[in-house]
Amino acid sequence: MTDILSSPYSNFLKLLKSELWQTSLDLSLSHSEFLSVYDLASKQAVLGMIAESLIRNNVSLERKDVMKVLAIQGRVATTNKAVNSELLSLSKLFTENDIESVVVKGQTIGIYYPNPLARTPGDIDFYCNEDNLPKMISAMASTWGIHAEGKPSEQHFELIHNSIILELHHCLMKFASKKSQKIWDNIFLSLTHNHVEIDGCSIPTLEPTLNLLYTFLHLYHHLIELGVGLRQFCDLAILLKTYYNSIDEKQFFEWLDALDFRKAFEIVQMILVDILGMDKKYALSPIAPDKESLKAINMFMDVVWFGGNFGFHGHNRKFRFKAQYFLMTTYRKLQLYYRFYRFSPREIKASIFSSVPHKALMAIKGDLKGI
């Protein structure tokens, strides 16, 4: 179990909470302490936020560390501006070609951060249904000269434009459980979408209650597969704060119960309060950790600290063949499925008896794309 009271973790979390909730902090870091915080921030995909916190709080650092922090701040801001610019171009493509789409995660959540340019950006994820998908693929080919070549993964095509990765989803959320998949599809297709404004442009995204559900499900899916970083937990905390008066709590918990993820959400919500310092008033259910839930929080966080962002730091080996990576990740997934079974039994049971064997068969056939 990771000791979060130890200096590297304690300093890191103080800085992260200070930036998330815009509180003041009195802190000084030696060079070795700074490097420890930097390493954690890098693994958890929150370097920009830590840099912003260090600068805003005027944390005492050695000169070489100050220069590194300023470089991080500038690099993350520049990358955010580039991703925003690409998102605006994508929105223009939607409009000019009469394409219905919805953009999820990423910049559409980042806009709610105290400083949107400090959130470490990722890909642009967007969804088109079966009617709009061919129109989108055609528009990108004719206007931008990029092509969705080859077979997509189970959920999306991956394309690159202006050095930005675009994930064009034909399936927004993939469940191993057929029952859960049907419930999700009915939820998603029954709701109208919302819009956020980014750099003066209206971007289609999910309405608040569904956005919270999707962001949680995406986080938890990665957590039990290989791991997930604190950036995704920060996104969830920011949404809970932003949508404080907009979320339909009754509907949200009905969805969680129908999908069999309520227990998992309750632990994740405790993490947002106990680890990230979110005000309890933003929680959707009472926060009163008992001995068992505290054990669960530690179990969840051990995966977060070990694997970092999407589990990328959970192993140090480089694999010559993708099949080797598949075997390693499958072994890791089975370990996590065992540990998390009681929090989402239906989905994990379906993963063990359906998804994993299916992907193993694909691997045997040499079809390793997206597995």
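The values are calculated or read from the model by the stated rules, or taken from the named source; none is laboratory data. Please read these numbers as outputs of a predicted model, since none were measured by experiment. Please note: Cβ atoms are built from the backbone with ideal geometry, for glycine as well, and neighbour counts cover all protein chains shown.
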Answer yes or no: is there a residue in segment 53-61 that is in contact with a Ser or Thr (Cβ under 8 Å, 6 or more places away or on another chain), over 28 Å from GLY122 (Cα atoms) and either surrounded by 14 or more Cβ atoms within 10 Å (Cβ to Cβ) or of a type in the set (Phe, Trp, Tyr) (or both). yes
Only residues that are of a type in the set (D, E, K, R) and over 20 Å from LEU13 (Cβ atoms): list them for segment 251-300, please. GLU254, ASP257, ASP260, ARG262, LYS263, GLU266, LYS281, ASP290, LYS291, GLU292
Counting only residues that are of a type in the set (D, E, K, R), within 17 Å of PHE300 (Cα to Cα) and touching a residue at least 12 places away in the same chain (Cβ under 8 Å), segment 253-274 contains a total of 3
Return the residues of segment 86-115 that are touching a Pro at 6+ places or on another chain (Cβ under 6 Å) and under 17 Å from ALA45 (Cβ atoms); say none if nothing qualifies. GLY110
Being assigned to a helix (DSSP H, G or I), aliphatic (A, V, I, L, M) and at pLDDT 95 or above is the filter; apply it to segment 261-295 and report the residue that is farthest from VAL46 (Cα to Cα). ALA264
Determine, yes or no, whether PHE157 is farther than 27 Å from ILE267 by Cβ, assigned to a strand (DSSP E or B) and in contact with a Gly (Cβ under 9 Å, 6 or more places away or on another chain). yes
Pick from segment 1-34, criterion aliphatic (A, V, I, L, M), within 26 Å of the chain's Cα centre (by Cα) and surrounded by fewer than 18 Cβ atoms within 10 Å (Cβ to Cβ), ranking: modelled with the lowest pLDDT: MET1
Across segment 129-145, which residue is surrounded by the fewest Cβ atoms within 10 Å (Cβ to Cβ) among those that are hydrophobic (A, V, I, L, M, F, W, C) and closer than 17 Å to LEU88 by Cβ? TRP144
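Here's the yes/no breakdown for (1) modelled with pLDDT of 95 or more; (2) over 16 Å from HIS195 (Cβ atoms):
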position: LEU90; (1), (2): yes, no
position: GLU96; (1), (2): yes, yes
position: ALA118; (1), (2): yes, yes
position: GLU130; (1), (2): no, yes
position: GLY150; (1), (2): no, yes
Within segment 159-182, is there a residue that is more than 30 Å from PHE300 (Cα to Cα) and of a type in the set (Ser, Thr, Tyr)? yes
Restricting segment 287-307 to residues that are more than 16 Å from ARG342 (Cβ to Cβ), hydrophobic (A, V, I, L, M, F, W, C) and in contact (Cβ under 8 Å) with a residue 12 or more places away in the chain, which is surrounded by the most Cβ atoms within 10 Å (Cβ to Cβ)? VAL304
Could you give me the residue pairs with C-beta distances under 9 Å whose first residue belongs to segment 275-286 and is more than 23 Å from GLN251 (Cβ to Cβ), whose second residue is aromatic (Phe, Trp, Tyr) wherever it lies, and which are 6+ apart or on separate chains? ILE275/PHE233; LEU276/TRP21; LEU276/PHE233; GLY277/TRP21
Taking segment 96-128 and keeping residues surrounded by 18 or more Cβ atoms within 10 Å (Cβ to Cβ) and among the acidic types (Asp, Glu) leaves ASP125
How do the helices (runs of 4 or more DSSP H) wholly within segment 29-139 filter down when requiring 2 or more residues that are of a type in the set (D, E, K, R): which remain? 31-43, 47-56, 63-96
